[in-house]
1. Holding the Cα-Cα limit at 23 Å, pick out from 12/51; 11/51; 12/85; 69/89 the pairs that are longer than that.
2. Taking the simple approach of a point 7 Å from Cα along Cα-to-Cβ for both residue 71 and residue 12, what is their distance in nm?
3. Give me the net charge of residue 68's neighbourhood, meaning all other residues with Cβ under 14 Å from the Cβ of residue 68; Lys, Arg count +1, Asp, Glu -1.
4. Determine the shape class of the range 5-100: with a ≥ b ≥ c the square roots of the Cα gyration tensor eigenvalues, call it rounded for a/c under 1.5, and otherwise prolate if a/b is greater than b/c, oblate otherwise.
5. Which ³J(HN,Hα) values, rounded to whole Hz and listed in residue order, are derived for the range 44-51 from phi using the Karplus coefficients 6.51, -1.76 and 1.60 in 6.51 cos²θ - 1.76 cosθ + 1.60 with θ = phi - 60°, glycine and proline given as x?
6. In percent, what relative contact order does the range 5-100 have, based on Cα pairs under 8 Å that are 6 or more apart in sequence?
7. Determine the dipole magnitude for the range 5-100: charges of +1 sit on the beta-carbon of Lys and Arg, -1 on that of Asp and Glu, nothing else is charged, the reference point is the Cα centre, and the result goes in debye to the nearest 20.
Amino acid sequence: MQNNGRSTREKKTVHAMIQIYCDAHHGHDGGLCPDCQELINYAFARLERCKFGEQKSTCGRCPVHCYKKDMREKITAVMRFSGPKMLTKHPILAFWHLVDGIGKP
């Protein structure tokens with residue numbers, strides 16, 4: 001996956017969602033806790049290796065589940081918690097995430 005508009009925006013969205021989750025659940029001062037940092041590193045690696053590249057939809061709509069089961073459970077918990085909060089904390093990223101979800105892989 002190239003590091004241009006779509007993938008950069010997706011990384012910003014994932015980072016924002018994990019940050020919201022970590023702040024609320026772990027309260028780690030000065031950034032992400034080690035578990036959330038591991039999750040973000042994993043998510044970024046998955047995005048870099050996505051076979052659909054810039055034409056991908058959001059990961060939740062993807063027919064290929066490239067996350068390991070434990071990481072998929074963690075990111076699902078993050079998305080469920082942070083998704084609604086994105087509308088007020090990061091409305092532009094939330095809007096583009098919804099738009100990106102319309103496309104098909």
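What follows is calculated from the coordinates using simple rules that are stated; it is not laboratory data. All figures in this text were calculated on a predicted structure; none of them were measured in a lab. We place every Cβ from the backbone using ideal geometry, glycine too, and count neighbours over all the protein chains shown.
1. Correct reply: 69/89.
2. Taking the simple label geometry, residue 71 and residue 12 are separated by 2.4 nm.
3. Value of the local net charge: +2.
4. Oblate, because a/c is 1.5 or more while a/b does not exceed b/c.
5. Using θ = phi - 60°, the values come out as 5, 5, 5, 5, 5, 9, 4, 6 Hz.
6. Taking the mean separation of contacting Cα pairs over the length of the range 5-100, I get 42 percent.
7. Approximately 400 debye in magnitude.
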